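Please read the structure below before turning to the comments.
The values are calculated or read from the model by the stated rules, or taken from the named source; none is laboratory data. Quick caveat: nothing in here was measured; it's all calculated off a predicted structure. Virtual Cβ from ideal backbone geometry, glycine too; neighbours counted across all protein chains shown.
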């Protein structure tokens with residue numbers, strides 16, 4: 001990708017995030033992004049085939065700023081399944097304060113906004129892959145509870161990492177982040193790990 005094209009894409013992604021996270025909520029049609037970025041609508045279409053692709057790219061761009069790969073490294077390099085589960089849980093819960101406003105902004109776009117829902121579902125799919133990798137490591141070690149299949153355990157793990165539950169405890173009820181992490185580590189271990 002040429003430097004000018006790369007700079008334009010960066011500008012567009014930053015503009016999408018700025019509009020998405022604006023306190024008053026801003027429209028997020030491709031024409032709105034073009035206007036806010038000071039480019040033509042065709043320029044936006046040159047970078048993104050459709051609005052859904054644009055939203056997904058903006059969320060990934062947001063994640064790049066969070067250094068997700070580096071922050072997930074302890075989980076990915078953990079020596080065993082239990083350590084991987086603990087490290088992945090910690091990483092996800094540490095992301096929530098940064099990611100939650102983005103989730104809220106996407107959900108505020110409305111139940112009928114299929115592209116916004118699709119963009120968030122794309123990221124939840126990636127999160128489920130991380131859950132599945134931790135569960136697979138547990139299973140490989142023989143530490144996954146016998147009555148759970150790996151698929152069912154990954155579903156359960158993802159449900160336990162629910163961001164709205166985190167918000168209810170930490171943002172609404174005043175739990176500290178460390179208190180919530182400690183409780184979730186305990187609950188997740190009880191739900192998935194033998195012994």
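Name the residues in segment 152-186 that are touching a residue at least 60 places away in the same chain (Cβ under 8 Å), closer than 17 Å to residue 86 by Cβ and surrounded by fewer than 17 Cβ atoms within 10 Å (Cβ to Cβ), would you?
177, 185 - these are the residues of segment 152-186 that are touching a residue at least 60 places away in the same chain (Cβ under 8 Å), closer than 17 Å to residue 86 by Cβ and surrounded by fewer than 17 Cβ atoms within 10 Å (Cβ to Cβ).
Would you mention how many residues in segment 100-114 are surrounded by 18 or more Cβ atoms within 10 Å (Cβ to Cβ) and in a helix (DSSP H, G or I)?
Counting residues in segment 100-114 that are surrounded by 18 or more Cβ atoms within 10 Å (Cβ to Cβ) and in a helix (DSSP H, G or I) gives 3.
Could you grab me the full set of residues in segment 119-151 that are part of a helix (DSSP H, G or I), modelled with pLDDT of 95 or more and loosely packed, with under 14 Cβ neighbours inside 10 Å?
129, 140, 151
Considering only segment 50-67, how many residues are buried (at least 17 other Cβ atoms within 10 Å of the Cβ) and within 23 Å of residue 157 (Cβ to Cβ)?
Total meeting the criteria: 2.
Which condition number in (1) without any contact (Cβ under 8 Å) to a residue 12 or more places away in the chain; (2) assigned to a helix (DSSP H, G or I); (3) outside the structural domain of residue 156 (by TED's automatic domain parsing) is the one that residue 18 fails?
(1)
Going through 71, 35, 41 one at a time, which residue ends up being without any contact (Cβ under 8 Å) to a residue 40 or more places away in the chain, surrounded by 14 or more Cβ atoms within 10 Å (Cβ to Cβ) and closer than 24 Å to residue 124 by Cβ?
None of the others qualify; the one that does is 71.
Considering segment 4-15 alone, what residues qualify as being in contact (Cβ under 8 Å) with a residue 24 or more places away in the chain and touching a helix residue (DSSP H, G or I) at 6+ places or on another chain (Cβ under 7 Å)?
8, 9, 11, 12, 13, listed by residue number.
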